[in-house]
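Undergrad: The structure is given below, and queries will be raised subsequently.
The values are calculated or read from the model by the stated rules, or taken from the named source; none is laboratory data. Just so we're clear, the structure is a prediction, and the values are computed from it rather than from any experiment. Every residue, glycine among them, receives a Cβ derived from its backbone with ideal geometry; neighbour counts consider all protein chains shown. To get the accessible areas, we keep the full protein, side chains included, count just its heavy atoms, and leave off ligands, DNA and RNA. Shrake-Rupley method; radii C 1.70, N 1.55, O 1.52, S 1.80 Å.
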Amino acid sequence: MRLVASTDARLVVPAGIAWAAMALAWGSEVQRLVAIAALVLAVVGVVLAHRVARIRAVATLVAVGAGLAGLLLSVPTLERDLWACEAMTLELGGHAAPMPARIVEAACGDEVVRDARVVVVVLDATGADVALGDTVTATCDAWPGDAGPADAWRLACEDVERVDRAWWAGWSADVRDGLRRSTAHLPGDGGALLPGLAIGDTSLVSPALDAAMLQAGLTHLTAVSGANCAIVVALALGCAMAAGLRRWLRVAVAGAALAGFVVLVGPEPSVVRASIMAGLALVALHRGVRRVGIALLALAVLVALAVDPTLARSAGFALSVLATAGLLVHAQPLAEALVRWMPMPVAAAIGVPLAAQLWCLPVLVVLDPRIALVAVPVNVLAAPAAPVATVLGLVVCAVAVVAPALAAAVAWIAWLPSAWIAGLAHASTLLPAGPPWPAGWAGVVLAVAVVAAVGAGIAARRIGRGAIAAVCVVLLATGTVQVPTLVARATLPDWTIAQCDVGQGAATVLRLGDATVLVDTGREPEPVAACIDLLGIDRLDVVVLTHFDADHVGGVDAIAGRADLVVHGPPDDDAPSLLDDLAARGARLHLGTAGESVRVGDGALDLLRPEDADAEPGNDASIVVAATVGGQRVLVLGDLGAEAQRALLADGVPVSDVVVVAHHGSPDQHLPLYDAIGADVALVPVGPNDYGHPAPDLMAELERRGMLVLRTDEHGTIALDGEVAWTQR
């Protein structure tokens, strides 16, 4: 069968429909937004770039797409519940945790499950010498993914031991180790980044560099995708041509090199898409078909979803596909439009990342509702260095095992472009992150409108008008976020206590003179960042993490690099990486102890904790914070339950004017504690949840005691200034 040409977009809509249908059936809300964005962009791309106008043709495509979606949805992804399974034998599908895996055998109570063809994720295989293709035994705790039982199961595994290694996989671990050894002596972040640029191995990348790469929009350079596969295939074809091999042998050599590269880097979503597309391109090359861009991408999507239906829920897969589509559809027209004002090399250097960033926008705003204005110029500056670092890194891989000295010498040369990219990433952190964007469906619709405006301008050969329309949409989108914030800030009093609206989580802000304290950060970075922005805070003198539940520390990325001192409760297993990241961003860390007083500005934070509280991390090990701010006494109870509250009452609790109710107003409370506190105002940090928080009976009891009860789910962010209470809503 002869592949269609690049202008034939008949496969685009079926691929988009299949993709969206699978994600809608299985995915979480974020994954559904990603899928809808991909589907809408597929249709927009067909209509604007290829001018498909016949209703009958579109109806046929929709029917075909619906059939494909039904076929793919029939692929089983889960054969049974795994709650009771512990001892497991797994076949691993990656090089480092977390990784996909297949259950070979699992002991599930009195039953034994064999050959469960379900993609799972090993969350903790640390300390084990494991890699792609290995078969291991482990003791695992299993639970279903965020999207419910039809989603991939998650496994947290201990006592991981390798029992077998596939014949084709052993060499990959040696090559990866050789690359790490060859770059270990390189100074700074350039050496740590080089394995990521070559084969996507980011194990040496520090949290600070990882965050900087994310802000700069450079993470695609360490997410192995089409560029890496293209380089590998091009090098293999070049060597085969130099050796004078016939066409079918050249294709075979390139195919073998591509397969080896996939084994080396692991089957990440972007790798799967890129490798399938490269493989199909090699088939097209063998058959003499040279222009297969859009059709090839759509066919690669369908093949990839058939091989692994869970890719329909992968944001990485979506970004890889959309970036490639942007390059195929709009990179050249954008460069041709820009060439009117600049030389062609400069126009091309700007047009390529701009096209990719443009098409990825509807997915990027789902993952982070903010426009990364710095991404395009940083990518333009990084563009000359990235392929050099990648090619030289692959050369290091090829010779590291057989000639370590030569590999080390080549690594020094590769360090230069790698260090340049790392330096650009760090420099980007000195610039503003970009204006906020509406979250959820509104953000996706407006982002698609930007793509459509630019695409319509290109299709009508009026790129200027399309750009103006896109700018108008951007101003509308950012204005819908900024204007309410500006209005709220204009009415905000000279507050001393604020309870941020961060959804189902907690974040309390205290102002002690000129110093500012944040107690907990909520579950996600965006809400607490918006609250800090609303309150006009640039720098935090102290951040207190009462304990390490996700709804109290999940938003810590919003304050990384903005906190001078971080006082925290007893750490749990996940705390070290979080605290290391804060330290790498310049924060001083301090383990808070009961009875301690921390000086802040012209006041102090008194740290309380029940003497009988278990020293282990958890809700009842929460630090309780007491302070006097602006003449008012405030007490933040963290997530203490009733038993811990009894112990705190027995130890003695300070009388306070304002109390932040424990555990989001759960029913697990000891009301005599609130009687002893005697507060006038009770702040309840709570958002939409399935736990029944806050308990209606508790709210009624607090009001019966004469307290003014203010809930963030009803009032939004709350600010207090003496006897004045301001609410965002």
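Undergrad: Hey, what's the Cα Rg ratio for segment 149-211 versus the globular rule of thumb, 2.2 N^0.38 Å?
TA: Against the empirical 2.2 N^0.38 Å value, I get 1.48 for segment 149-211.
Undergrad: Still on this structure: Excluding ligands and nucleic acids, what accessible area in Å² is computed for Thr429 using a 1.4 Å probe, to the nearest 10?
TA: It works out to around 70 Å².
Undergrad: Suppose each label sits 7 Å from its Cα in the direction of the beta carbon; what would the Ile537-Leu671 distance come out to in nanometres?
TA: With each label point 7 Å from Cα toward Cβ, the separation is 3.3 nm.
Undergrad: Could you compute how much accessible surface His568 exposes when probed at 1.4 Å, giving the result in Å² to the nearest 10?
TA: Looks like 20 Å² after rounding.
Undergrad: Please give the length that would be gained between Glu643 and Val401 if that part of the chain were fully extended, namely 0.36 nm times their separation in residues minus their C-alpha to C-alpha distance (nm, one decimal).
TA: Stretched fully, the Glu643-Val401 segment lengthens by 81.2 nm.
Undergrad: What trypsin sites (Lys or Arg not before Pro) does segment 304-413 have in DSSP loop regions with at most 16 other beta carbons within 10 Å?
TA: Qualifying residues, ordered by number: Arg340.
Undergrad: Would you mind checking the radius of gyration and Dmax of segment 168-257 based on alpha-carbon positions, in Å?
TA: 16.1, 49
Undergrad: Of all the accessible heavy-atom surface of segment 584-684, with the other protein chains kept in place and a 1.4 Å probe, what percent is carbon and sulfur?
TA: About 47 percent, which is the carbon plus sulfur part of the accessible surface.
Undergrad: Turning to a different aspect of this structure: With a Förster radius of 41 Å, plug the Cβ-Cβ distance of His590 and Asp494 into 1/(1 + (r/R0)^6) and report the FRET value to the nearest 0.05.
TA: With a Förster radius of 41 Å, E is 0.90.
Undergrad: What's the local net charge at Gly555, with K and R +1, D and E -1, over the other residues with C-beta under 10 Å away?
TA: Combined, the nearby Lys, Arg, Asp and Glu give -4.
Undergrad: Then there is this: Give, in whole angstrom and from largest to smallest, the semi-axes √(5λ) of the equivalent ellipsoid of segment 584-729, with λ running over the eigenvalues of the Cα gyration tensor.
TA: 23, 19, 16
Undergrad: What figure, in Å² to the nearest 10, do you get for the accessible area of Glu86 with a 1.4 Å probe and non-protein molecules left out?
TA: For Glu86, solvent-accessible area is about 110 Å².
Undergrad: At a Förster distance of 45 Å, what's the computed FRET efficiency of Arg102 paired with Leu235, Cβ-Cβ distance as r, to 0.05?
TA: That pair, Arg102 with Leu235, gives E of 0.90.
Undergrad: Accessible area per residue for segment 635-729 in Å², computed with a 1.4 Å probe and the full protein assembly in place, what is it?
TA: Spelled out: the 1.4 Å probe surface of segment 635-729, per residue, equals 41 Å².
Undergrad: Give the peptides 529-538, 400-409 in descending order of average Cβ contacts within 10 Å, highest first.
TA: The most tightly packed comes first, giving 529-538, 400-409.
Undergrad: With each pseudo-label sitting 7 Å past Cα toward Cβ, what's the Val112-Glu714 distance in nm, one decimal?
TA: About 5.9 nm separates the two model spin labels.
Undergrad: Okay, moving on. Take every Cα-Cα distance within segment 512-618, group them into 5 Å bins from 0 onward, and report for each bin the whole-number percent of pairs it holds.
TA: 2, 12, 23, 25, 20, 12, 4, 1
Undergrad: With equal scatterers on the alpha carbons only and no solvent term, can you work out the Debye log10 of I(q)/I(0) for segment 556-608 at 0.18, 0.21, 0.27 1/Å?
TA: Debye intensities relative to I(0), on a log10 scale: -0.64, -0.83, -1.10.
Undergrad: Rounded to the nearest 5, what % of the DSSP beta bridges within segment 576-729 are antiparallel ones?
TA: Counting only bridges with both partners in segment 576-729, antiparallel ones make up about 65 percent.
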